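Contents: one structure, followed by commentary.
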Amino acid sequence: MNEEMPEDLEVLIKEKVVHCFQCGSCVGSCPTARAIPEYNPRRMMEELILGRWREVLSGRMIWLCTLCHTCYEVCPQGVGISHIIVELRNHAARLGLAPPEYLNNVRQVASTGWTSPLTGAVQRIRKELGLPEVKMARVEEVGRLIELTELRRMMEEKPG
Amino acid sequence: MRYAFFLGCMIPLRLPHIEKATRMALEAVGVELLDMEGASCCGEPISIQSLDREAWITLAARNLCIAEEMKADILTICSGCYETLKTANVSLKREPSLRERINERLSAIGKEFRGSIEVKNIIEVLREVGEERIKAHLKRPLKGIRVATHPGCHLLRPSDIIQFDDPMRPALLDRLIRLLGAESIQYPKKMLCCGAGLKLVDLEKANRLVEMKLDVIEAAEADCMVVVCPYCMIQYDLTQRMIKREDKAAFNIPVLYYSELLSLALGFSPSEIGLRFHRTSVEPLLKKLP
């Protein structure tokens, strides 16, 4: 990766990340860190402060956060780590570094309006329970809006 | 009391029995549910938020506009939808420049965000119904039932947006459990995330989070677990069946969505609310009901 640091990433680090004083409250409260010991949001903040943003964006760690926002609540410095992780993922995605599973979810929403297909089995269960038929999403409106966002380019670059 | 009923994807398309129990229970206590014509996926809090946050807000805003046209506040029954729609609604009301950018996109489909409605979760709406009114409808108080609540993450956090209950020590779901005559037990790791957000990239470790939680709930001798989000429901009800422990028998902990437990207390039968569609049998709980 040879790109220059995007301007808004630089602002994010200078205005938010630098306030991290490395106490580790985020790691101590993090569900992912319980399941994956090498996952460490404190170290991620340290890497950013030390200028290693390329390594952070191209690594796997940023995609392991569950977005539970516990670190957001417990951080004594108000760094807002889970929000920073969302921003980092957005930057990584612009550079074509998003996991393909994420892009497949967008394709599903763009083509059906939903994240899941409506299966025959579920239609039968709905009928058996006396539930109304599922109302269709206005998928053409959803697709049109997606066309107006950065998701369009991301989906073109990484098919399948 | 009427609400634009935002179903999302997971409940109508994968867990329709939760939709059934929710409709029956809410209507029984006097909440009118209005279907939202043309509503879609909320905006999707995991993939789409992570790829392009403004796209996430844009898709959410379209759904908010539908409720604005209906002149009704939104009731969500999925915490993923709740986080998404609430974040969009609060942010678009707070940030004029964001609102301008999103409204420019919405104009392509003839819509405009005006900021005229609120987004609420099911616990919030039941509190508005009021404890006295719910109590008056109870036909089968759940005396002696030990419930382990799992409030989940996005019902509560990030708190500056969500502004509902204490983000780390919530009490409102537990209160609604006690209202039904049941006991809400204390247990360790109550605030541990279900791990749904990790599934896409590391299924095995996401399952490990489920196992950690079920271990402590089993040790606490709960009769069931209660959730308010379909992602948490799938994690604990379905994934529970996939977990093989080396030294112990398989888990057998019934997992109910709050409106299912409420339906039982309101006197609805397990068959009419489709409890048979749970992956982990709810029979051990039903046997204990008074």
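Just give me the residues in the stretch B:240-270 being in a loop (DSSP other than H, G, I, E, B) and within 23 Å of residue B:135 (Cα to Cα), in sequence order.
Of everything in the stretch B:240-270, those that are in a loop (DSSP other than H, G, I, E, B) and within 23 Å of residue B:135 (Cα to Cα) turn out to be B:266, B:267, B:268, B:269, B:270.
For the stretch B:67-81, name all the residues that are buried (at least 21 other Cβ atoms within 10 Å of the Cβ) and within 13 Å of chain A (Cβ to nearest Cβ).
Matches in the stretch B:67-81: B:78, B:79, B:80, B:81.
Restricted to the stretch A:40-67, and to residues that are of a type in the set (Gly, Ala, Ser) and under 15 Å from the mean Cα position of the chain (by Cα), which residue is surrounded by the most Cβ atoms within 10 Å (Cβ to Cβ)? Show your work before the answer.
Of all residues in the stretch A:40-67, those of a type in the set (Gly, Ala, Ser) come to A:51, A:58-59.
Subset that is under 15 Å from the mean Cα position of the chain (by Cα): A:58-59.
Details: A:58: 12, A:59: 16.
Among residues in the stretch A:40-67 that are of a type in the set (Gly, Ala, Ser) and under 15 Å from the mean Cα position of the chain (by Cα), the one surrounded by the most Cβ atoms within 10 Å (Cβ to Cβ) is A:59.
When the residues of the stretch A:89-123 are narrowed to those that are in contact (Cβ under 8 Å) with a residue 60 or more places away in the chain and hydrophobic (A, V, I, L, M, F, W, C), which ends up surrounded by the fewest Cβ atoms within 10 Å (Cβ to Cβ)?
A:95
Criterion first (surrounded by fewer than 22 Cβ atoms within 10 Å (Cβ to Cβ), of a type in the set (Lys, Arg) and more than 10 Å from chain A (Cβ to nearest Cβ)) does residue B:86 satisfy it?
no
Select from the stretch A:151-160 the residues that are within 7 Å of another protein chain (Cβ to nearest Cβ) and farther than 14 Å from residue B:43 by Cα and list them in ascending order.
Looking only at the stretch A:151-160, we keep the residues that are within 7 Å of another protein chain (Cβ to nearest Cβ), and these are A:151, A:154.
Residue satisfying the conditions is A:154 alone.
What's the total number of residues in the stretch A:64-73 that are part of a loop (DSSP other than H, G, I, E, B) and free of Cβ contacts under 8 Å to residues at least 12 places away in the same chain?
Of the residues in the stretch A:64-73, 0 are part of a loop (DSSP other than H, G, I, E, B) and free of Cβ contacts under 8 Å to residues at least 12 places away in the same chain.
Note down all Cβ pairs under 7 Å where the first residue falls in the stretch B:138-165 and is within 12 Å of another protein chain (Cβ to nearest Cβ) and crowded, with 24+ Cβ neighbours inside 10 Å, the second is of a type in the set (S, T, N, Q) and in a strand (DSSP E or B), and they're at least six residues apart or on different chains.
So the pair list comes out as B:155/B:121.
Among the residues of the stretch B:98-121, write down those that are touching a Leu at 6+ places or on another chain (Cβ under 8 Å), assigned to a helix (DSSP H, G or I) and either more than 14 Å from chain A (Cβ to nearest Cβ) or among the acidic types (Asp, Glu) (or both).
Passing the criteria: only B:99.
For residue B:237, state whether it is in a helix (DSSP H, G or I), assigned by TED's automatic domain parsing to the domain that holds residue B:147 and farther than 20 Å from residue B:22 by Cα.
Answer is no for this residue.
Within the stretch B:214-230, which residues are surrounded by 19 or more Cβ atoms within 10 Å (Cβ to Cβ) and either aliphatic (A, V, I, L, M) or modelled with pLDDT under 95 (or both)? Spell out how you get there, then give the answer.
Of the stretch B:214-230, the ones surrounded by 19 or more Cβ atoms within 10 Å (Cβ to Cβ) are B:214, B:217, B:222-230.
Passing the criteria: B:214, B:217, B:222, B:225, B:226, B:227, B:228.
Just to verify a result, which residue in the stretch B:183-228, among those that are among the β-branched types (Val, Ile, Thr) and part of a helix (DSSP H, G or I), is nearest to the other protein chains (Cβ to nearest Cβ)?
Here the residue is B:210.
Filter the stretch A:65-91 for residues that are among the hydrophobic types (A, V, I, L, M, F, W, C) and in contact with a Gly (Cβ under 9 Å, 6 or more places away or on another chain); which is farthest from residue A:153 (Cα to Cα)?
Filtering the stretch A:65-91 down to residues among the hydrophobic types (A, V, I, L, M, F, W, C) leaves A:65, A:67-68, A:71, A:74-75, A:79, A:81, A:84-86, A:88.
If we keep only those that are in contact with a Gly (Cβ under 9 Å, 6 or more places away or on another chain) as well, we get A:65, A:67-68, A:71, A:74.
Working: A:65: 24, A:67: 24, A:68: 28, A:71: 32, A:74: 36 Å.
Per the criteria, the residue is A:74.
Every residue in the stretch B:103-120 that is under 20 Å from residue B:80 (Cβ atoms) and out of contact with any strand residue (DSSP E or B) (no Cβ under 6 Å at 6 or more places or on another chain), please.
B:117, B:118
Quick grid of which residues meet (1) in contact with a strand residue (DSSP E or B) (Cβ under 6 Å, 6 or more places away or on another chain); (2) of a type in the set (Gly, Ala, Ser):
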{"residue": "B:233", "(1), (2)": "yes, no"}
{"residue": "B:245", "(1), (2)": "no, no"}
{"residue": "B:252", "(1), (2)": "no, no"}
{"residue": "B:260", "(1), (2)": "no, no"}
{"residue": "B:263", "(1), (2)": "no, yes"}
{"residue": "B:268", "(1), (2)": "no, no"}
{"residue": "B:271", "(1), (2)": "no, yes"}
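Can you go through B:92, B:64, B:59, B:34 and tell me which one is surrounded by fewer than 21 Cβ atoms within 10 Å (Cβ to Cβ), more than 23 Å from residue B:193 (Cβ to Cβ) and free of Cβ contacts under 8 Å to residues at least 60 places away in the same chain?
Checking each option against the conditions leaves just B:34.
Condition check ((1) closer than 22 Å to residue B:27 by Cβ; (2) among the small types (Gly, Ala, Ser); (3) modelled with pLDDT of 95 or more) across all residues:
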{"position": "B:184", "(1), (2), (3)": "no, yes, yes"}
{"position": "B:187", "(1), (2), (3)": "no, no, yes"}
{"position": "B:212", "(1), (2), (3)": "no, no, yes"}
{"position": "B:232", "(1), (2), (3)": "no, no, yes"}
{"position": "B:236", "(1), (2), (3)": "no, no, yes"}
{"position": "B:262", "(1), (2), (3)": "yes, no, yes"}
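How about the stretch B:23-56: which of its residues are aliphatic (A, V, I, L, M), within 17 Å of residue B:2 (Cα to Cα) and part of a helix (DSSP H, G or I)?
Result: B:24, B:25, B:26, B:28.
Would you mind telling me which numbered condition in (1) assigned to a helix (DSSP H, G or I); (2) within 14 Å of chain A (Cβ to nearest Cβ); (3) of a type outside the set (Ser, Thr, Tyr); (4) under 30 Å from residue B:27 (Cα atoms) residue B:176 fails?
(2)
Quick one: which residue in B:171, B:182 is in contact with a strand residue (DSSP E or B) (Cβ under 7 Å, 6 or more places away or on another chain) and in the same structural domain as residue B:280 (by TED's automatic domain parsing)?
Matching residue, one of B:171, B:182: B:182.
If the Cβ limit is 7 Å and pairs must be 6+ apart or interchain, which residue in the stretch B:1-24 that is acidic (Asp, Glu) pairs with which residue that is assigned to a loop (DSSP other than H, G, I, E, B)?
B:19/A:131; B:19/B:7
The values are calculated or read from the model by the stated rules, or taken from the named source; none is laboratory data. Quantities reported herein were computed from a predicted structural model and do not represent experimental measurements. So basically every Cβ, Gly included, is an ideal-geometry build from the backbone, and we count neighbours across all protein chains shown.
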